[in-house]
1. For the stretch 151-190 and the stretch 40-95, write down the distance between their C-alpha centroids in whole Å.
2. Give, rounded to the nearest 20 debye, the magnitude of the charge dipole that the chain has about its Cα centre when Lys and Arg contribute +1 at Cβ and Asp and Glu contribute -1 at Cβ.
3. Just the Cα atoms of the stretch 42-194: what Rg and Dmax do they give in Å?
4. Obtain the nm distance between the two label points defined at residue 239 and residue 148 by a simple spin-label model: each point lies 7 Å from its Cα along the Cα-to-C-beta direction.
5. Count the DSSP beta bridges whose two residues both fall in the chain, then state the antiparallel fraction as a percent rounded to the nearest 5.
6. Can you tell me which of 227-236, 87-96 comes out highest on packing, and rank the rest after it, using the mean Cβ neighbours within 10 Å?
7. Arrange the peptides 151-157, 238-244, 98-104, 162-168 so that the one whose residues have, on average, the most other Cβ atoms within 10 Å appears first.
8. Calculate the length of the line joining the C-alpha centroid of the stretch 109-134 to that of the stretch 216-258, in whole Å.
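Here, each number is a calculation from the coordinates, and none is a lab measurement. Quick caveat: nothing in here was measured; it's all calculated off a predicted structure. FYI the Cβ positions are ideal-geometry reconstructions off the backbone, even for glycines, and counts take in every protein chain you see.
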Amino acid sequence: MRRHEGEVYFGTILLERNRWAAGKEPSYLVSEWIERLKQDGFDGLELWENHAALCGGAELERLASSAMPVSVYNSYVSFEDGAEEERRQAAQLIAKLGAQVVKFNFGREQGMLDTYIRNWNEWVRLLPEPCRLLCECHPNTVMEEPRAAAAAMKAMDRCEAIIHPFHCLGPLEDWFEHLGPAITHAHVQYRYGGQTFRRLSSNPEEIAGKLELMKKAGFQGSYTLEFVEGTGPGEEREKLYQAALDDLHTLKSWIWAC
């Protein structure tokens with residue numbers, strides 16, 4: 001399957017005010033935004049799992065028949081023993097939505113890495129073919145360090161990696177040194193000083209430098225806008241969306257110029 005080089009997806013978690021709340025109940029219907037997202041130039045959706053799993057039957061049907069594809073299914077299934085039913089249900093939703101790319105996370109317990117990998121390999125067999133699997137190399141997981149992530153992925157056939165180039169764990173170069181062409185997707189969130197979310201356009205030289213480094217390292221993947229300026233307490237959905245459009249323009253301008 002092609003890697004959708006240069007495509008920029010809208011992460012539906014971006015507008016979800018309950019993303020970090022207990023229960024993580026969806027607070028909006030993604031289908032109501034799809035026409036606007038399409039008109040504004042996004043190439044697809046990265047669908048936050050609960051926007052499908054907890055949305056109700058009518059909304060699920062609208063998402064499954066949407067004019068904008070679910071380019072990435074953003075799953076949070078557990079890979080611990082005992083979560084087999086959770087993983088089975090996720091696989092059914094992935095098939096229902098026609099998603100051909102699935103993002104996942106491992107847990108944080110290093111001593112359970114073999115369990116995570118075993119259950120992951122079993123889960124992969126439940127997913128529709130062809131389906132690409134993207135491991136989010138995320139803080140507070142066993143994949144948060146590039147050397148460890150590369151070692152684990154040797155036991156995970158067809159596994160690819162997501163990095164966070166503008167909010168990176170350690171030097172960005174280290175990720176490409178150890179994972180190389182396995183890096184096929186980037187989650188976009190720019191945090192000033194590692195804390196406050198900012199627009200990419202607030203520091204164009206730094207952003208362009210990161211993107212150029214990725215290009216020279218051979219990155220030919222896609223991007224998802226994950227979090228933007230204004231994310232946090234008191235956030236306003238329309239302001240978040242306008243910040244996302246600004247980030248989309250910044251990214252696309254650089255991509256088109258290359």
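1. What the calculation gives is 23 Å, centre to centre.
2. It works out to roughly 340 debye.
3. In Å, with Rg to one decimal and Dmax whole: 15.6, 46.
4. So the label points at residue 239 and residue 148 sit 3.7 nm apart.
5. 10
6. Highest to lowest by the protection proxy: 87-96, 227-236.
7. In descending order of packing, they fall as 98-104, 162-168, 238-244, 151-157.
8. 29
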